[in-house]
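Read the structure below first, then the notes.
The values are calculated or read from the model by the stated rules, or taken from the named source; none is laboratory data. Worth saying up front: this structure is predicted, and the values here are computed from it rather than measured. Glycine gets a Cβ as well: all are built from the backbone with ideal geometry, and neighbour counts include every protein chain shown.
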Amino acid sequence: MAIWDFVKDAGKSVFGSEAKAAEAPAAPAAQAAAESDTDRKVAALKKELADLGLTAKDVHLTLRGGDTVIIKGKARDQETLEKLILALGNIKGIAHVELAEEPGAAPAADAKPPLFHTVKKGETLSQIAAQYLGKAGRYHEIFEANKPMLSDPDKIYPGQTLRIPQG
């Protein structure tokens, strides 16, 4: 099992009105309301992945504690898995993404752990590229590694987590 931490209050808002979720339902209805809110949030997460073209029929999502997404199943490749982790973790309200290991599954011998970077205030892709890839001019490699979550290399924000290409 692997767990990645994200900045909970940064990212794209996909869950709708937080005010509605904060209202306290009556005691007997509380559990049913919590379950329906969880189902609504999981559906919003799945829709966001579909909108980004990151769906996989063998990947299943669950939400624990309201801010932890658990990914079960197998993505088609390591790059897709890393993009799934980032797409989910960069959603406002998500603090952790956990990868549940499949029973009896062994990690690939050549699989490297993903390399992620959380953007700090004032950072640019060029600065991040210089830090990890040795040259500021290689910023485009980071941009490409984070598509479709990034649409413009100049539009990154503090708290956003980016995938750093390896190899």
Just name the residue that is modelled with the lowest pLDDT out of those in region 75-134 that are of a type outside the set (Ser, Thr, Tyr) and part of a strand (DSSP E or B). LEU99
Here the residues within region 55-72 that are closer than 26 Å to GLU144 by Cβ and exposed (fewer than 15 other Cβ atoms within 10 Å of the Cβ) are THR55, LYS57, ASP58
Test THR161 against the stated conditions and say whether it is in contact (Cβ under 8 Å) with a residue 60 or more places away in the chain and surrounded by 13 or more Cβ atoms within 10 Å (Cβ to Cβ). yes
Working only within region 133-158, note down all residues that are buried (at least 16 other Cβ atoms within 10 Å of the Cβ) and either in contact with a strand residue (DSSP E or B) (Cβ under 7 Å, 6 or more places away or on another chain) or within 17 Å of ALA10 (Cβ to Cβ) (or both). ILE142, ALA145, ASN146, MET149, LEU150, ILE156
